[in-house]
Every structure is written in structure tokens, then in C-alpha cells.
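The values are calculated or read from the model by the stated rules, or taken from the named source; none is laboratory data. If you're wondering where the values come from, they're calculated on a predicted model, not measured in any experiment. For neighbour counting, all protein chains shown are included, and Cβ atoms are generated from backbone atoms with ideal geometry for every residue, glycine included.
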Amino acid sequence: MTRFVIVNPHKRTVEGVSFDSLFEAQAAAGLGNVDHGVLAPGLGYVVDEFGLFAPVSEQKYFGLCGHLIAGPAVLYLFDTMGETCDLRKSEVPEVRFYLGVNDVEAAIDRGEIERPFMAVNGVELWHWPQQPPEGFTR
């Protein structure tokens, strides 16, 4: 069993959980098609692949390590070889839940989190909370 942390902004919870695999933790968080990222050295996360593209009126957000995260996420540790390691709730940096788009915009203005964006060759294609580019929705 490996220890993970599930952050759920809909319920405003941060919960330590144990599962045999990251896939089981993803399923417990309600995640299907996912995207992976790194918040800090050795600290990874998994989210819904199109979470940031959901209409802001339908999504819930939280901030962690300067990142805006949309919807539930599974946090995990990994070592220098890429192997998943136990993550305890007490090891998770401060999670900030946001009440809505105005709260997120205020956090961006304060420099608490960065505005998510997509760019190719230095040309911005999208930034939050714009409508997603074609092909980036379900």
C-alpha cells in the first residue's frame, strides 16, 4: 500500500489515503482521463485532463505551490528513479481553496498563484478563464 493525498475543492477537503496504486487513488478521487504535473521536486499531482477548461461556473479550484488546480487532485511523492513513495498529509504544503472566479483572480493579483496559460513557440494560445481552444474539451 502506498499513501497518497486527495484534495477535493468541491468538498474543501485534504485527505490522506492508502491504495495499492496511483490508478486506484485516481479512481477514488473520481478522475478518469488525467494529466500529470510536478508541483515541487519529488511532488507530483494528477488532475482531470480538461479541468481548467471547464466553465468557471461549474468548476471548483484550489491553489498549491503557486499553481491553480481545477477539480479534485491526487498528490504523490516520487524518488529520483521515478518510483512512487508514501506521501503523508502533514507533508503537503498549504492548500488554499477558492470560492469562485473572483477569488481566483484576487489570488493571481496577489501573486499567490500564476494564471494558467498555453503557448507554442512563445505565442499564447489560451489563458484561464478563456474558452478552451478547439479540441480541448470532451
TODO: Kindly provide the set of residues from segment 11-27 that are farther than 22 Å from residue 61 by Cβ and either of a type in the set (Asp, Glu) or touching a residue at least 40 places away in the same chain (Cβ under 8 Å) (or both), ordered by number.
DONE: 20, 22, 24
TODO: Scan segment 10-55 for residues that are among the small types (Gly, Ala, Ser), touching a Phe, Trp or Tyr at 6+ places or on another chain (Cβ under 8 Å) and either outside any strand (DSSP E or B) or exposed (fewer than 12 other Cβ atoms within 10 Å of the Cβ) (or both) and jot them down.
DONE: 18, 25, 28, 42
Open item on the list: When you check residue 28 against the structure, is it closer than 21 Å to residue 137 by Cβ and either touching a strand residue (DSSP E or B) at 6+ places or on another chain (Cβ under 7 Å) or hydroxyl-bearing (Ser, Thr, Tyr) (or both), yes or no?
Closed with: no
Open item on the list: Being loosely packed, with under 13 Cβ neighbours inside 10 Å and over 23 Å from residue 23 (Cα atoms) is the requirement here; does residue 134 meet it?
Closed with: yes
Open item on the list: Testing residue 125 on (1) in contact with a strand residue (DSSP E or B) (Cβ under 6 Å, 6 or more places away or on another chain); (2) assigned to a loop (DSSP other than H, G, I, E, B), one condition comes back false. Which one is that?
Closed with: (2)
- [ ] Select, from 115, 96, 88, the only residue that is out of contact with any helix residue (DSSP H, G or I) (no Cβ under 9 Å at 6 or more places or on another chain) and modelled with pLDDT of 95 or more.
- [x] 88
- [ ] Return the residue satisfying two criteria in turn: it lies in segment 59-113 and is among the aromatic types (Phe, Trp, Tyr) and more than 27 Å from residue 20 (Cβ to Cβ), and of such residues it is surrounded by the most Cβ atoms within 10 Å (Cβ to Cβ).
- [x] 61
- [ ] Name the one entry in 115, 88 that is within 16 Å of residue 40 (Cα to Cα), touching a residue at least 24 places away in the same chain (Cβ under 8 Å) and not acidic (Asp, Glu).
- [x] 88
Task: residue 66 being in contact (Cβ under 8 Å) with a residue 40 or more places away in the chain, under 22 Å from residue 100 (Cα atoms) and among the small types (Gly, Ala, Ser) - done: yes
